[in-house]
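Here is the structure we will look at, set down as structure tokens.
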Amino acid sequence: MLKEKKELENLAAYCIGKSIKLSATNCEVKVGNIISETVNLRNKKIENSDRSDILSINITTYINKKKSSIFFTYIDDENTNVMIEKCIESTKLLPDDKFNSLPNKKLLAKDVEDLLLFDDTTISNEKKLEYLKEVEDAALGNRFISQTNGSSFNQSKSNFIIANSDGLLSGYKKSEFSSFTDLVAKKNGSGMECDYYYDSKVYLKDIIKPKDLGNSAAKLAVRKLNPKKTKTESIPIIFEKRISKNILGILSSAISGSSFARGTSFLKNKLNNQIFPNNINIIDDPLIKKSIYSMPFDKEGVKSEKIYLVKNGVLKNIILDSYYSRMLNKESNGRASGLSNTFFEPGKHSYEDLFNSAKKLILITDTMGAFGNATTGEFSCGATGIYFDNDDFYPINNFTLGGKIEDIFNSIILANDLEFKYSKNCPSALITEGLVVGGC
Amino acid sequence: MDNFFKKTDLTRVEAEKIVDDTLLNKDDGELYLQNSINENITLDDGKIKNTNFTKIYGMGFRGVCEDVTAYCHTNSINKKSLIDASKSINSTLRSFKSYKHNNSIRRTNEKLYSDHNPIEAKSLKEKIKILNTVDQYIRSKSNLVKQVTASISTEKKSIEIIKTGGLTLSDNQPLTSFRISLLMKKGSKNTQGSYATGGRMAFDSYVNENNWKQVCDEAFRQAEMNLDAKKAPAGEMDVVLNNGWSGVLLHEALGHTLEGDFLYKKTSVFHDQIGNKIGNENITVVDEGNISGRRGSLNMDDEGEKTQRNVLIENGKLVKFMHDRLSAKLTKNTPTGNGRRENYMFAPMPRMTNTFMMNGKNTREEMIKSVKKGIYVDALGGGSVDIVSGQFNFAVNNAWLIENGKLTVPVEGATLIGSGPEVIKKIEMIGNDLKLDNGFGTCGKSGQLVPVGLGIPSCKVLMTVGGSKT
């Protein structure tokens, strides 16, 4: 049974009381209980089951401008005391840092809006197995799928509270249901290729139909079969949606408060400057209902609201927590936990238009390795894709993409096919120039 | 040894009885108890940012029938939790009526590291002082150094494994690591360097003045070298890898595909190649979990099996996969001491320990001299692999362009890619300078991170380089 709010609050109150008694001037406590149950199926047979029940506590103590933190899985009150003593002892020994303190009280979340992040329904392991069997029946129904690498269904429920010595006490329950399948494709004489598909939802009833999951993954794996090699050249590139979302990943590393304050971002001097073409808008909205990536407040208890990161191509906001916002002389925008639901506003072109823009281009269906380096601004990764040469097309693999991140930003053209599936969402994207394909 | 039954309503005798009642009618399984403490102190931006103290405490109970695993874990070690876990395991495995219970294990008394607690080797104050000295030392090397992050992380992990019949095994696993990363800036150009050291020996053997200066000097050298680096070339070419950390090539390109779970699942690109020649005869690859004091070494693995030297590829012939108890059973092999888990929240699986390639005959100079156009990789970053297709990639931090047998200019921004079965055939020359890495490797698989070691002599291999210069 998931621990009730009252029990978590009591633990938090105890920790704050004890810390203050032991000379902390301020204190923040997070208490969370997560119960998660997963079943894995492989080739239509159960492979494993896993049940997890963890109660953990995270405490940060302040003595004026000194700060230290401690994380532990709960054992008993006696151990909690030992942990707090240890934390206070460390705090005392640390040097002052003038930017250390709890968040500005005005910014703390008080009335938490219900974002519909908890579904009371539970799904038994038997039902999970039935679902997964349907997934694998569909997948293995494809004659080129030779076996499955595993399919899993997870139900995870958590209850979490955050409290601090400035009177903050907030929390909420979360649920997440997710399903996943990873398939191996093989044609006569070909090598093996694999690919996967997954879905993750707050509400059980919203999860993808098992047949669709199996069929989607099968399509992805099969289209990789019998890849050719490709030659080294500069050529227009289209990133599929599940790859183009990584553009927001590298942007988020490059606009983190820490990388701005510490001078380690290649975009450090670009706030209020053009970094994308002027038809590009990027939004981060933590308050979307029923999204597993939503959060009414961040991990410091600061209220989060919808913001434009990029408006008309101009970088308008960066990702700020309390510490780095003080260092940069700004206010926290409730993003100590990073971004939430981030998306590009869709472009005007249809997916087909992107393909009609050039006679030869490469659709990137998968990448390996880091999608760019946010410090140096360099971009280089391994890739898999489909080569479109006039009316012909064929799968290719084992090539690289190289260039600069700013080349991708500068020449991006978006399709109108945005969908909300991940924490970061981008329509299919055409990169007209700047990327070099490295092959044989 | 930690006494996990001191402060709970569960006695050791009761725990052993529940283990027997649950597992005697299963093929395999164990109760895994863990108490880990970890201290991390980070200096960044010229000041101590934070100290983090983490305690991971709990148990994981596993039952195995044929190829099915039921696993249950919780932070509360008490009677109710263990009984609940037992019920959950029985529920998953209830359809198995016949079983072959096996609790035999290969034990060892050999100690590859002493039972010490590196967290207590120095006081927090002394560690802060070291980090401040490190920061001053690096910044004094050049005023182009704009950012320094240095950290000291120490850990003591105590584990106990209880199998049926009251069989218990335990180990205390110390681990120290010291890391540096820095940023240099010249004009609008940012460059990075990073290096580290660590392992399971005494704290002072890693964090002493001589050692930390070497780590700083190497990180600085990497960042400084890239200040004048040109764009890396793109395309297939000869690559000369330096010795040591370049072993990440082996780890990604070959190591993962030789893990036993991918053998019984038949998903490894090498699953049907045992006994076949897969590379040239100079190539011998070893995974060795029982090297004294190293980061990837363990007295016993996370199933209680003793670790050992496993020759995986011998003179180009694939001879062995790495196994945990499950993959060994399913493929009719013996366990190889490679059953590892990050912590009690995970069931074990076959993982690497210290993986390296044996020496060949060539010198690095000979290799460079033999290349008309290619790159010499001076510092590799991390990598990853798709074990099904065998495709791997890794990032190059520092490299030189080789033109007509000579190193000409530093180049940056490259990825190396290839496929394991192809690349092993394209290793053309192997050096006589095998070196193990400096002790900072961490390997991720299915969401679990474990410390590993790597090593390789210098090698020359034909690969695809992903730069941006055509």
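The values are calculated or read from the model by the stated rules, or taken from the named source; none is laboratory data. If you're wondering where the values come from, they're calculated on a predicted model, not measured in any experiment. Neighbour counts are summed over all protein chains in view; Cβ atoms, including those assigned to glycine, are modelled from backbone coordinates with ideal geometry.
This table checks each residue for (1) more than 30 Å from A:Y324 (Cβ to Cβ); (2) within 11 Å of chain A (Cβ to nearest Cβ); (3) in a strand (DSSP E or B); (4) touching a Gly at 6+ places or on another chain (Cβ under 7 Å).
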site: B:K17; (1), (2), (3), (4): yes, no, no, no
site: B:N40; (1), (2), (3), (4): no, yes, yes, no
site: B:F53; (1), (2), (3), (4): no, yes, yes, no
site: B:I56; (1), (2), (3), (4): no, yes, yes, no
site: B:G63; (1), (2), (3), (4): yes, yes, yes, yes
site: B:H73; (1), (2), (3), (4): yes, yes, yes, yes
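Can you name the condition, by its number, that A:N356 falls short on among (1) touching a residue at least 60 places away in the same chain (Cβ under 8 Å); (2) within 19 Å of A:G385 (Cα to Cα); (3) of a type outside the set (D, E, K, R); (4) out of contact with any helix residue (DSSP H, G or I) (no Cβ under 7 Å at 6 or more places or on another chain)?
(1)
What is the number of the single condition among (1) within 30 Å of A:E176 (Cα to Cα); (2) modelled with pLDDT of 95 or more that A:S304 does not meet?
With respect to (1) within 30 Å of A:E176 (Cα to Cα); (2) modelled with pLDDT of 95 or more, A:S304 is out only on (2).
Restricting to the range A:66-118, give me the number of residues that are within 29 Å of A:S304 (Cβ to Cβ) and away from chain B (no Cβ under 11 Å).
Of the residues in that region, 18 qualify.
Quick grid of which residues meet (1) surrounded by 20 or more Cβ atoms within 10 Å (Cβ to Cβ); (2) at pLDDT below 95; (3) touching a His at 6+ places or on another chain (Cβ under 6 Å):
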| residue | (1), (2), (3) |
| --- | --- |
| B:T108 | no, yes, no |
| B:K122 | no, no, no |
| B:R139 | no, no, no |
| B:K156 | yes, no, no |
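Please find, among A:N410, A:N398, A:N333, the residue that is within 26 Å of B:F392 (Cα to Cα) and touching a residue at least 12 places away in the same chain (Cβ under 8 Å). Explain how you work it out, then say what you get.
On the way: A:N410 fails: within 26 Å of B:F392 (Cα to Cα); A:N333 fails: within 26 Å of B:F392 (Cα to Cα).
Residue meeting the stated conditions: A:N398.
Within the bounds of the range A:14-28, is there any residue that is over 30 Å from A:K98 (Cα atoms), touching a strand residue (DSSP E or B) at 6+ places or on another chain (Cβ under 6 Å), within 14 Å of chain B (Cβ to nearest Cβ) and in contact (Cβ under 8 Å) with a residue 60 or more places away in the chain?
no
Please go through the range A:252-283 and give me each residue that is within 14 Å of chain B (Cβ to nearest Cβ) and of a type in the set (A, V, I, L, M, F, W, C), ordered by number.
Answer for the range A:252-283, where residues must be within 14 Å of chain B (Cβ to nearest Cβ) and of a type in the set (A, V, I, L, M, F, W, C): A:A254, A:F260, A:A261, A:F266, A:L267.
Residues are listed down the side, and each one gets a yes or a no for (1) more than 9 Å from every other protein chain (Cβ to nearest Cβ); (2) of a type in the set (S, T, N, Q):
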{"residue": "A:A358", "(1), (2)": "yes, no"}
{"residue": "A:L361", "(1), (2)": "yes, no"}
{"residue": "A:N373", "(1), (2)": "no, yes"}
{"residue": "A:F379", "(1), (2)": "no, no"}
{"residue": "A:I386", "(1), (2)": "yes, no"}
{"residue": "A:D392", "(1), (2)": "yes, no"}
{"residue": "A:N398", "(1), (2)": "no, yes"}
{"residue": "A:G403", "(1), (2)": "no, no"}
{"residue": "A:F409", "(1), (2)": "yes, no"}
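For the range B:84-119, enumerate the residues that are in a loop (DSSP other than H, G, I, E, B), among the hydrophobic types (A, V, I, L, M, F, W, C) and over 24 Å from B:G304 (Cα atoms).
B:F96
Checking B:T197 against (1) away from chain A (no Cβ under 12 Å); (2) free of Cβ contacts under 8 Å to residues at least 24 places away in the same chain, which test does it fail?
(2)
Test each condition in (1) more than 25 Å from A:L287 (Cα to Cα); (2) out of contact with any helix residue (DSSP H, G or I) (no Cβ under 6 Å at 6 or more places or on another chain) for A:P210 and report the one that comes out false.
For A:P210, the exception is condition (2).
Filter the range A:300-322 for residues that are of a type in the set (K, R) and over 19 Å from A:K424 (Cα atoms) and give the result.
The first filter runs over the range A:300-322 and keeps only residues of a type in the set (K, R), leaving A:303, A:306, A:311, A:316.
A:K303, the sole residue that qualifies.
Out of all the residues in the range B:372-417, which are more than 30 Å from A:S190 (Cβ to Cβ) and among the aromatic types (F, W, Y)?
Correct list: B:Y376, B:W400.
Find the residue count for the range B:251-267, including only residues that are closer than 15 Å to B:G420 by Cβ and in contact with a Leu (Cβ under 7 Å, 6 or more places away or on another chain).
Summing the residues that are closer than 15 Å to B:G420 by Cβ and in contact with a Leu (Cβ under 7 Å, 6 or more places away or on another chain) in the range B:251-267 gives 2.
List the number of the failed condition for B:M237; all other conditions in (1) away from chain A (no Cβ under 14 Å); (2) of a type in the set (A, V, I, L, M); (3) surrounded by fewer than 23 Cβ atoms within 10 Å (Cβ to Cβ) hold.
(1)
Is at least one residue of the range A:39-54 farther than 30 Å from B:F96 by Cβ, out of contact with any Leu (no Cβ under 9 Å at 6 or more places or on another chain), of a type in the set (S, T, Y) and at the interface with chain B (Cβ under 10 Å from one of its Cβ atoms)? Give the steps one after another, and end with the answer.
Going through the range A:39-54, the residues farther than 30 Å from B:F96 by Cβ turn out to be none.
No - not one qualifying residue is present in the range A:39-54.
Filter the range A:341-353 for residues that are out of contact with any strand residue (DSSP E or B) (no Cβ under 6 Å at 6 or more places or on another chain) and in a loop (DSSP other than H, G, I, E, B); which is nearest to A:F388 (Cα to Cα)?
Here the residue is A:S350.
Within the range B:430-442, take every residue that is over 18 Å from B:T176 (Cβ atoms) and touching a helix residue (DSSP H, G or I) at 6+ places or on another chain (Cβ under 8 Å) and give me the one that is surrounded by the most Cβ atoms within 10 Å (Cβ to Cβ).
Ranking the qualifying residues of the range B:430-442, first place goes to B:G431.
If you scan the range B:244-285, which residues turn out to be β-branched (V, I, T), surrounded by fewer than 22 Cβ atoms within 10 Å (Cβ to Cβ) and under 21 Å from B:K460 (Cα atoms)?
Listed by number, the residues that qualify are B:I278, B:T284.
Those residues that are part of a loop (DSSP other than H, G, I, E, B) and among the β-branched types (V, I, T), I need them from the range A:281-318; list them, please. Reasoning before the result, please.
Looking only at the range A:281-318, we keep the residues that are part of a loop (DSSP other than H, G, I, E, B), and these are A:281, A:285-296, A:298-301, A:304-306, A:312-313, A:316-318.
Listed by number, the residues that qualify are A:I288, A:I292, A:I318.
Please work out if A:E130 is part of a helix (DSSP H, G or I), surrounded by fewer than 22 Cβ atoms within 10 Å (Cβ to Cβ), free of Cβ contacts under 8 Å to residues at least 60 places away in the same chain and within 14 Å of another protein chain (Cβ to nearest Cβ).
When the stated conditions are applied, A:E130 does not pass them.
If you take the residues of the range A:17-74 that are within 29 Å of A:L94 (Cβ to Cβ) and among the small types (G, A, S), which of them is farthest from the chain's Cα centre (by Cα)?
A:S23
Testing A:K45 on (1) closer than 30 Å to A:S179 by Cα; (2) in contact with a strand residue (DSSP E or B) (Cβ under 7 Å, 6 or more places away or on another chain); (3) free of Cβ contacts under 8 Å to residues at least 12 places away in the same chain, one condition comes back false. Which one is that?
(2)
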